[in-house]
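First comes the structure, then the notes that go with it.
The values are calculated or read from the model by the stated rules, or taken from the named source; none is laboratory data. No experiment lies behind these values; they were computed from the predicted model shown. Cβ sites come from the backbone with ideal geometry, for glycine too, and all protein chains shown count toward neighbours. The protein model used for the area step is the full one, side chains on, heavy atoms only, and it has no ligands, DNA or RNA in it. Shrake-Rupley method; radii C 1.70, N 1.55, O 1.52, S 1.80 Å.
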Amino acid sequence: MRVATCVDVVEPILKIDDLWVEYPSRESKGRIQQAVKALSLTVNRGEVFGFLGPNGAGKTSTMNVLLGFCPPTRGNAYLFGTSVRETFARQRIGYLPELTYYYKFLTAEEILRFYAQIFGIPRAVAEQRIDLVLKLVELDHARRRPIKTYSKGMQQRVGLAQALINDPDLLILDEPTSGLDPLGRMKVRQIIQRLRNEGKTVFFSSHELGEVETVCDRVGILIQGEMRVEGKVSDLLQQHYGNLEQLFMEIVGCNAAA
């Protein structure tokens, strides 16, 4: 007779539980606009999770809750088992916004030293981290050049380096390949794959479905604030004839026709 043993339950890195986000409507005074409705999902350690949806689906509103930029109207979200209402829940994350802006006269080194100071990283450790992340994003050769001389893709990779300076366990990336040419998208995709190989957890929104198919373990498709589809990329591709874009368009099309 086998004796039952206790198995530790692994806490998800990111958990969203019945999340609602509402704003006052800009179009009609006194009305409430629901940006996110009853959203629940989990992201496990070491996963790359693609958070998909058309413009206005509620992706950025969800990320704003995770980052502490706005409180949830109802429900809750957790990072590393701690409610996002607690400031210290965000100490182990890195964030790349869709639109990055840095003083153009600064170099990549100077920008990264500034962010290292914000995180209170000791100078000696910071210099090691700067060397490491600049090599990871393939900008070591341009580390002393002003940002104004960088291409769009290079500036995006500086943003990724900034998000990595504190050696986070979770990366939240908002449209990391937005506006990049094919070469720039490929480099960002390679960086995300390297981070997954290092055991990092990545949660990112994107409109580039080809990138999502390549790098993501699981995806969720959000429409008008509601999760319509969520699952492993491999399973969804098998169910929908190997075409994630077709699945996405079917969901969006059904919604538009409703």
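In what order, largest first, do 186, 63, 154 sit by accessible area if the probe radius is 1.4 Å?
186, 154, 63
At 1.4 Å probe size, with every protein chain present, just tell me what the per residue accessible area of the stretch 31-84 comes to in Å².
Numbers: 2130 Å² over 54 residues.
Per residue, the stretch 31-84 has 39 Å² of solvent-accessible surface.
Would you tally the net charge around residue 205, using a Cβ to Cβ cut-off of less than 12 Å, leaving residue 205 out, and scoring K and R as +1, D and E as -1? Don't skip to the answer; put the middle values down first.
Working: positive: 59; negative: 98, 174, 175, 208, 211.
So the environment of residue 205 carries a net charge of -4.
Across 69, 119, 248, 51, the residue with the most accessible area heads the list, and the full order at a 1.4 Å probe is 69, 119, 248, 51. Taking all protein chains together, 80, 204 sort by accessible area into 80, 204, largest first [probe 1.4 Å]. Across the stretch 58-73, rounded Karplus estimates of 3J(HN,Hα) from the backbone phi angles (6.51 cos²θ - 1.76 cosθ + 1.60, θ = phi - 60°) give x, 5, 5, 4, 4, 4, 4, 5, 4, 8, x, 6, 8, x, x, 6 Hz, Gly and Pro being marked x. Between the labelled values (i) -0.67, -1.36; (ii) -0.77, -1.36; (iii) -0.70, -1.54, the entry that holds log10 I(q)/I(0) by the Debye sum over Cα atoms at q = 0.12, 0.17 Å⁻¹ as derived from this structure is (ii).
Just the protein heavy atoms count here, and of the accessible area of the stretch 113-258 at 1.4 Å, carbon and sulfur take up 49 percent.
Per residue, the stretch 145-184 exposes an accessible area of 32 Å² to a 1.4 Å probe, with every protein chain left in place. Cα-Cα over 23 Å: which of 135/187; 37/200; 135/200; 15/37; 104/152; 15/135? Over 23 Å apart, Cα to Cα: 37/200; 15/135. The amide H of residue 229, built 1.01 Å from its N in the peptide plane, has 221 as neighbours under 5 Å, considering only residues 5 or more places off or on other chains.
Taking the centroid of alpha carbons for each part, the stretch 23-44 and the stretch 51-120 are 19 Å apart.
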